[in-house]
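Only one structure is covered here, and it is reproduced in the block below.
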Amino acid sequence: DIVMTQSPDSLAVSLGERATINCKSSQSVLHTSNNKNYLAWYQQKPGQPPKLLIYWASVRESGIPDRFSGSGSGTDFTLTISSLQAEDVAVYYCQQYYTPTLYTFGQGTKLEIK
Amino acid sequence: EVQLVESGGGLAQPGRTLRLSCAASGLSFDDHAMHWVRQAPGKGLEWVAGISWNSGNIGYADSVKGRFTISRDTAKNSVYLQMNSLRPEDTALYYCAKDKGGYIGPIDAWGQGTQVIVSS
C-alpha cells in the first residue's frame, strides 16, 4: 500500500502570511499514461466532514478560493495558502488515489493562527 | 445538490456485526465509485473501503480486510458496509463518500457520518 506522510504535524501562521504543508508518498502517484498525479488535498474543520480543495495535485475544486494552490509531482507535493485567513484554521489532509479502490490519507496537518 | 445520508451505526459488542447504509441523492449514482472513510475520536481520516461504479473493482484497507464487505444497490441508490467481527479499534465516525469518477478519482462529496462504538 502507498503510505502518505505529511509535514509538519502542526503549523501556526500569522494572518495574511503564507502557509505551506508538505506531503510525501512512499511511491510515485504519477501515472505516466496520462501524466497526471493522483493526489488530492482536503480541509476538515471541527465537527464537519472533509472538503475537497485540490485534485490532480494542482487543480482547484470549484468554489475554492484561489489563495489555495497545490504543486508537486511523483512523490513530493505541497499545499500552499498564499495569505492565511481566519476561516482557514482546520486540519488538512493529502490523499492518493493512484490505485482504484485502494486509497490512503496522510496523517493530517493542524493549521492554527499565530 | 448531492446528499449522502448514513445510517446503521450504534453500539456493538466486540465480535458482533453491524451493517451501515448510505442513501445517495442528487447524483447519477451509476456514474460514481463510492467509499467508506472513518475517523476515530480525535484522530485522522482512514479510508476503509471502496467500490467502483459497476462493483467490478472493490478494495479494503488492510485493517478491515476479511471482516468488512462493501456493496452497492443501484436500484436503491445505496451503498452498504457489512462489518463483521467488530473490534474496539473499529470505534469511529464512519463517512460515506462519493468519488468524482466512476472508477478512480478524488472524493468530492461526504455524508455527515454515522457513529460506531465497539465496546463490551
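The values are calculated or read from the model by the stated rules, or taken from the named source; none is laboratory data. Remember, it's a predicted structure, so these values are computed and weren't measured experimentally. Backbone-built Cβ (ideal geometry, glycine too); neighbour counts: all protein chains shown.
What's the number of the only condition in (1) more than 14 Å from chain B (Cβ to nearest Cβ); (2) more than 20 Å from A:GLN107 (Cβ to Cβ); (3) not hydroxyl-bearing (Ser, Thr, Tyr) that A:LEU11 fails to meet?
Answer for A:LEU11: the failing condition is (2).
Does any residue of the range B:25-38 turn out to be under 15 Å from A:PRO50 (Cα atoms), surrounded by fewer than 21 Cβ atoms within 10 Å (Cβ to Cβ) and either of a type in the set (Asp, Glu) or at pLDDT 95 or above (or both)?
Within the range B:25-38, not a single residue is under 15 Å from A:PRO50 (Cα atoms), surrounded by fewer than 21 Cβ atoms within 10 Å (Cβ to Cβ) and either of a type in the set (Asp, Glu) or at pLDDT 95 or above (or both).
Among the listed residues B:SER71, B:SER85, B:SER78, identify the single one that is over 25 Å from A:GLN43 (Cβ atoms), small (Gly, Ala, Ser) and within 14 Å of chain A (Cβ to nearest Cβ).
After ruling out the rest, the residue left standing is B:SER71.
Take the range B:91-120 and flag every residue that is within 8 Å of chain A (Cβ to nearest Cβ) and of a type in the set (Phe, Trp, Tyr).
Of everything in the range B:91-120, those that are within 8 Å of chain A (Cβ to nearest Cβ) and of a type in the set (Phe, Trp, Tyr) turn out to be B:TYR95, B:TYR103, B:TRP110.
Look at A:SER62 and say whether it is over 14 Å from A:ILE21 (Cα atoms), at pLDDT 95 or above, part of a loop (DSSP other than H, G, I, E, B) and not β-branched (Val, Ile, Thr).
Considered against the rule, which asks whether it is over 14 Å from A:ILE21 (Cα atoms), at pLDDT 95 or above, part of a loop (DSSP other than H, G, I, E, B) and not β-branched (Val, Ile, Thr), A:SER62 comes out as yes.
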